[in-house]
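*Asks:* Sharing a structure below in structure tokens format, with a few things to ask.
Laboratory data are not the source of any read-out in this text; all were calculated from the coordinates shown. All values reported here derive from a predicted model rather than from experimental measurement. In this analysis, Cβ positions are derived from the backbone assuming ideal geometry, glycine residues included, and neighbour counts consider all displayed protein chains.
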Amino acid sequence: MATKENDQIIKENTCETKMGLPCFLEAVTSIFKTWSISNKCCDEHVLLEKVCHSALVKRTLENPLFKDLNPAKIIAKSIQTWNNCLALINSPSPSV
């Protein structure tokens, strides 16, 4: 998907305002580098909605800073991160 299409999706869905910057940075770092995300940021990440998640990951992949990364691996990791966060927030909380 071209940058213009991703930018349009991001703008139309107000993606950049749905998640706080600290958790956004943690999610991006999780997908592109560390492979882990906190429970708090998972909650915010899922509120971002899948369409925003996908568009933001694809737009980030188009950045020249990430040109040496394997896009298929990053997209697979982004899907894994999304699914892990969904499972986390949908699992019953342990009783205290």
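*Asks:* Below 20 Å, Cα to Cα, which aspartates and glutamates can K11 reach? Residues fewer than 8 away in the same chain don't count.
*Replies:* Leaving aside aspartates and glutamates fewer than 8 places away in the same chain, those within reach of K11 are E44, E49, E62.
*Asks:* Quick check: net charge around F24, other residues with Cβ under 11 Å of its Cβ, Lys/Arg +1 and Asp/Glu -1?
*Replies:* -2
*Asks:* Would you tally the net charge around S38, using a Cβ to Cβ cut-off of less than 13 Å, leaving S38 out, and scoring K and R as +1, D and E as -1? Don't skip to the answer; put the middle values down first.
*Replies:* On the way: positive: K40; negative: E26, D43, E44.
For residues surrounding S38, the net value is -2.
*Asks:* Sum -39500 (n - 2.57) across every DSSP H segment of at least 4 residues in the chain, then divide by the residue count to get the 222 nm mean residue ellipticity, nearest 500.
*Replies:* -19500 deg cm²/dmol
*Asks:* Test of the criteria: in the chain, which chymotrypsin sites (Phe, Trp or Tyr not before Pro) are in a DSSP loop and have at most 14 other Cβ atoms within 10 angstrom of their Cβ?
*Replies:* W35
*Asks:* Within straight cross-link reach of K40, meaning Cα distance under 22 Å, which lysines are found once same-chain residues fewer than 8 apart are removed?
*Replies:* The reachable lysines, counting only those whose Cα sits under 22 Å from K40, are K18, K50, K77.
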